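Let me begin by presenting the structure, written as structure tokens, before commenting on it.
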Amino acid sequence: MFGRLHHVAYRCRDAQRTVDFYTRVVGLRYVAGLMPPENARPTWPLNEPGQPPRKVVGDETDSIHIFFELGDGSYLAFFDVPGGGDDSNDPTPWWVKHIAFEVKDMKALMEGKQRLEAHGVQVLGPKDHGLCQSIYFMDPDGHRLEMTIRTEKPDTWQKLENDAQKELARWNDLKRRKYGQLPKAKDKIPAMPEDSTIAPA
């Protein structure tokens, strides 16, 4: 179903600071800033079988959606949304959410580490994961970033795929044993929060 990555989007608190970091420190090319009209209410079409055309309407807000081009033609993107919600209560451990970018070799990885450190960015690693080696750092908004090189052997991914279902079953057993029942799958997965505003199209 998916062909390739187009972009990954996160929130930032200051678009200019984010552009400065990703261009001057990381070395990416800033390629787009998409800004809707002031005080716009974003909308998304909601076209479902057996229903009249409707739309989901977001809160009135100002924003800019900025894009940086990666070497493979995909993009890293951010939204600067002043006053738009607060995600600071997220209980996810700090090391979970991250974006990993591949570089060609250990020389490039170490050059990246040196470049970041020269700009005052603290870097963890390199860490050897068996199938890759990585360094880790944060951007000015606390988004965790990873630079990684592939170190897998020719049969690594085939072995991992062969064991993938067994490992998932082991995880499900552990989770049931230590944390109770697994959540039940929903019959319908909504495309927006339950309290979203839905209006005629």
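The values are calculated or read from the model by the stated rules, or taken from the named source; none is laboratory data. Just so it is clear, the structure is predicted and the values come from calculations on it, not from any experiment. Note: ideal-geometry Cβ built from the backbone for every residue, glycine included; neighbour counts use all protein chains shown. Keep in mind that these areas ignore ligands, DNA and RNA; they rest on the heavy atoms of the full protein, side chains included. Shrake-Rupley method; radii C 1.70, N 1.55, O 1.52, S 1.80 Å.
Using only the Cα atoms of region 60-151, build the gyration tensor, take square roots of its eigenvalues as a ≥ b ≥ c, and label the shape rounded, prolate or oblate: rounded if a/c is under 1.5, else prolate if a/b is larger than b/c, else oblate. Please report the intermediate quantities before stating the final value.
Working: a/c = 2.11, a/b = 1.69, b/c = 1.25.
It is prolate, given that a/c is not under 1.5 and a/b is the larger ratio.
Classify region 126-169 from the C-alpha gyration tensor, please: rounded if a/c falls under 1.5, else prolate or oblate depending on whether a/b exceeds b/c.
Because a/c hits 1.5 or more and a/b fails to exceed b/c, region 126-169 counts as oblate.
Among 131-143, 155-167, 52-64, what's the highest-first ranking by average C-beta atoms within 10 angstrom per residue? Don't skip to the answer; put the middle values down first.
Numbers: 131-143: 17.3, 155-167: 10.6, 52-64: 14.4.
Highest to lowest by the protection proxy: 131-143, 52-64, 155-167.
Among the DSSP beta bridges whose two residues both lie in region 1-139, what percent are antiparallel, rounded to the nearest 5?
If I count the DSSP bridges inside region 1-139, around 75 percent turn out antiparallel.
Give me the percent of accessible area attributable to carbon and sulfur for the chain, probe 1.4 angstrom.
The computed percentage sits at 54.
DSSP loop chymotrypsin sites (Phe, Trp or Tyr not before Pro) in region 1-37 with at most 11 other Cβ atoms within 10 Å of their Cβ, which ones?
2
What does the C-alpha gyration tensor say about the overall shape of region 125-201? Classify as rounded when a/c is under 1.5, otherwise prolate if a/b is larger than b/c, or oblate.
Oblate shape, in that a/c is at least 1.5 and b/c is the bigger or equal ratio.
Could you work out [θ]222 nm for the chain from helices alone, using -39500 (n - 2.57) per DSSP H run of at least four and dividing by all its residues? Round to the nearest 500 deg cm²/dmol.
Working: 3 runs with 43 residues, N = 201.
Value at 222 nm, helices only, nearest 500: -7000 deg cm²/dmol.
For Kirkwood radius over Cα pairs in Å, the listed values are (i) 16.9; (ii) 20.6; (iii) 25.1; which was obtained by calculation from the structure presented?
(ii)
How much space per residue, in cubic angstrom, does the convex hull of the C-alpha atoms of region 8-96 take up?
It comes to 173 Å³ per residue, whole-number rounded.
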